[in-house]
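Read through the structure below, which is laid out as structure tokens, and then see the notes.
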Amino acid sequence: MDSDNEPKKSKSKTPKTPKESVLKQKSPAEFFAENKNIAGFDNPGKSLYTTVRELVENSLDSAESISELPVVEIIIEEIGKNKFNSMIGLVDRERVDEALYDDFETAKAREKRLAKEARAQELLAKNASLGKKVKEPAAPKGMKGRGDASFYRVTCKDNGRGMPHDDIPNMFGRVLSGTKYGLKQTRGKFGLGAKMALIWSKMSTGLPIEISSSMRGQNFISFCRLDINIHKNIPHVHLHEKRDNKDRWHGAEIHLVIEGNWTTYRSKILHYMRQMAVITPYAQFLFRFISDVSDKNVTIRFSRRTDVMPPVPVETQHHPSSVDLLLIKRLITETSKQNLLHFLQHEFVNIGKSLAERLIGEMGPEFTPKMAVKSLTSQQIVRIHQLFRQAKFDDPSGDCLSPAGEYNLRLGIIKELHPDMVATYAGSAQVFEGHPFIVEAGVSVGGKDVKQGLNIFRFANRIPLLFEQGGDVVTRTAMKRISWNNYKINQTQDKIGVFASIVSTKIPFKGTGKEYIGDDISEIATAVKYAIQQCCIQLKSKIVRKIQAREQQERKRNLSRYIPDATNAIYDVLKEVSQFHALKKRRFEEEDANVLQKVHSRMITKDTLRDMLTQYVEKVDYEMAMEYATQSGVNEAPKEAIYIQALEAEYNFIDFHSSNFVFRLIQ
């Protein structure tokens, strides 16, 4: 009994020993799949936009690399749920357990919703009976479950270089492998290109991507259907074969199916295409959106305006002031040069033989020009890095850069915005942190589809930047550092387009998405401000001429308004005086007498006086306008922008480039 009354001892639980941590690693593809927002794949809508952008920019790069005028066709086809299920071999099933689904509405929720709708209808009827303005109620939103995704087939076709047959799988199915990783101006932000679109396709639909490609002179088209093994970062090839190329086509055509949202990102995608047409007026774009609902279909053609293309960017060596320890070690590992002197001369810009010898002499007694560069110790490499940071070097030139060109920028603005007036400016190459950069700017006033106030268009390495505009150096400069009133421009009332294009071997993007250029680099901020100001100075002279013409018309209108009354008054006086003269009651000077005689004989009538006064107003108005122009420093001859259509036939010619035109001499 005693033993029964004793409390039972609880069994002590032995604490679980934590499992031994296992060292794991992720492939590059796995990292970007888990952090897709870094590459611009934040949500289905932005993923659709980023996919279009990556494909278009790849197509432009491909065509420009062979100096071919780009022709890019982009098609987005909406795919319904039933069609998508049939594509993946999934049979539709009717719902069995309705309460299991996210869009299920309980009886209580339904009763509450119907009561709310009934009250709204009663209020609507009451207001209508009282004669009050009735606002139509918004249509009730249908409940959409999280699983109701929208899918799209995206197709991009170009006339570019194409891809070697054997390289296609790795070019699309292996992340962080490509041809854009040298030091040169490139359109890409991460070097991912269409690879991230393939990863998103794999994650959202599981369907493979299809690539057709052919290079110049090839009699076959390479066709490849593949997806990516994300964990191993290797391509998974479904089909890779050669097909007949009867039309001798060259370029690439890519098909992929992804989850997206056209409704929310429609304006962004169309805005991107419009801005791309501004910065590349030498390209021809055809954009189409295809839906089962015909009202949603969109077809827009952005025609080519010029055949003058910017030069192809060239790869360059690093500037000594822009390198770090890790980069110096990599250059030493990869260099083909044997000794230190040749390494400094050929692996860096702006280091000639004499400067290299002086640098080696400054490094210390353990350094010699003939010493093997591969034998440098870690301490010696640190010494080289320290000297690079302290020594004075000439700035790198901008010869390796490929800006759009003032001529192309002006044409693009005129073609897409149709402004009343436009001014452009291209700055010379400048440097930040050892990297050359060039700023081009344009400012327009008026135009089609341009809202009042500042409309800012930003470009980096000739691609549009549409997101995170507020913190960008161009936005901050245009909003806060330009005194628009000084240039006769009304910042709030006028339709102002501000265009700024920055090209460099290194664009200092900010944020994980690399969507804007920070305002903290003084060299770039100063160059952007100066370029916009130069455009404003040009516009001011045009605006002054426009004001002058308007004032001239106003003066002429005011003077002409009094011509009839002045004519009647003067003629009545002359007629009365001429009667005195005829009766010889008064004597007049010979010149006055002649006038009075003509009035009396009706050689001078009211119509004659009216014509003479009109001619006098024209003369005075012209003289006043000339005096005003002389005082304002305005040239009498007006300047008008003209465009001569490119010749279709084949000719031998030489181009002479100017900021405002290209003169083509036919041989």
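The values are calculated or read from the model by the stated rules, or taken from the named source; none is laboratory data. Since the model is a prediction, treat every value here as computed from it, not as a measurement. Counting neighbours? That spans all protein chains shown, and the Cβs are built from the backbone with ideal geometry, glycine included. With ligands, DNA and RNA removed, areas are computed over all heavy atoms of the protein, side chains included. Shrake-Rupley method; radii C 1.70, N 1.55, O 1.52, S 1.80 Å.
General observations
- Filter pass, Gly470 being within 19 Å of Arg305 (Cβ to Cβ), in the same structural domain as Gly511 (by TED's automatic domain parsing) and surrounded by fewer than 21 Cβ atoms within 10 Å (Cβ to Cβ): no
- For segment 375-386, the set of residues classified as under 15 Å from Leu341 (Cα atoms) and open to solvent by less than 50 Å² (accessible area, probe 1.4 Å) consists of Leu376, Gln380, Ile381, Ile384, listed by residue number.
- Verdict on Ile254 being in a strand (DSSP E or B), in contact with a strand residue (DSSP E or B) (Cβ under 6 Å, 6 or more places away or on another chain), open to solvent by less than 30 Å² (accessible area, probe 1.4 Å) and at pLDDT 90 or above: yes
- Looking across segment 179-197, just one residue is surrounded by 18 or more Cβ atoms within 10 Å (Cβ to Cβ) and either at positive phi or modelled with pLDDT of 90 or more (or both), and that is Gly193.
Conditions tested, residue by residue: (1) over 34 Å from the mean Cα position of the chain (by Cα); (2) assigned to a helix (DSSP H, G or I); (3) among the aliphatic types (A, V, I, L, M).
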position	(1), (2), (3)
Leu270	no, yes, yes
Gln275	no, yes, no
Leu286	no, no, yes
Phe289	no, no, no
Arg301	no, no, no
Met309	no, no, yes
Leu344	yes, yes, yes
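- Contact map, segment 308-329: first residue at pLDDT 85 or above, second residue open to solvent by 60 Å² or more (accessible area, probe 1.4 Å) and in a helix (DSSP H, G or I), Cβ cut-off under 8 Å, separation 6 or more or different chains; pairs are Gln317/His346; Ser321/Arg389.
- Failed condition for Lys116, given (1) surrounded by fewer than 19 Cβ atoms within 10 Å (Cβ to Cβ); (2) under 28 Å from Ser213 (Cβ atoms); (3) out of contact with any strand residue (DSSP E or B) (no Cβ under 8 Å at 6 or more places or on another chain): (2)
- Failed condition for Glu98, given (1) closer than 26 Å to Ile199 by Cβ; (2) outside the structural domain of Lys184 (by TED's automatic domain parsing): (1)
- Complete set of residues in segment 489-537 that are over 19 Å from Ile279 (Cα atoms) and in a strand (DSSP E or B): Lys495, Phe509, Lys510
- Tally, over segment 561-582, of residues that are touching a residue at least 24 places away in the same chain (Cβ under 8 Å) and open to solvent by less than 50 Å² (accessible area, probe 1.4 Å): 5
- Selection count where residues are within 30 Å of Trp262 (Cβ to Cβ) and not hydrophobic (A, V, I, L, M, F, W, C), scope segment 294-339: 9
- Of the candidates Arg119, Arg95, Arg110, the single residue that is outside any helix (DSSP H, G or I) and at negative phi is Arg95.
- A single member of Ser444, Ser397, Ser402 is farther than 23 Å from Leu344 by Cβ and either of a type in the set (Asp, Glu) or in a loop (DSSP other than H, G, I, E, B) (or both), and it is Ser402.
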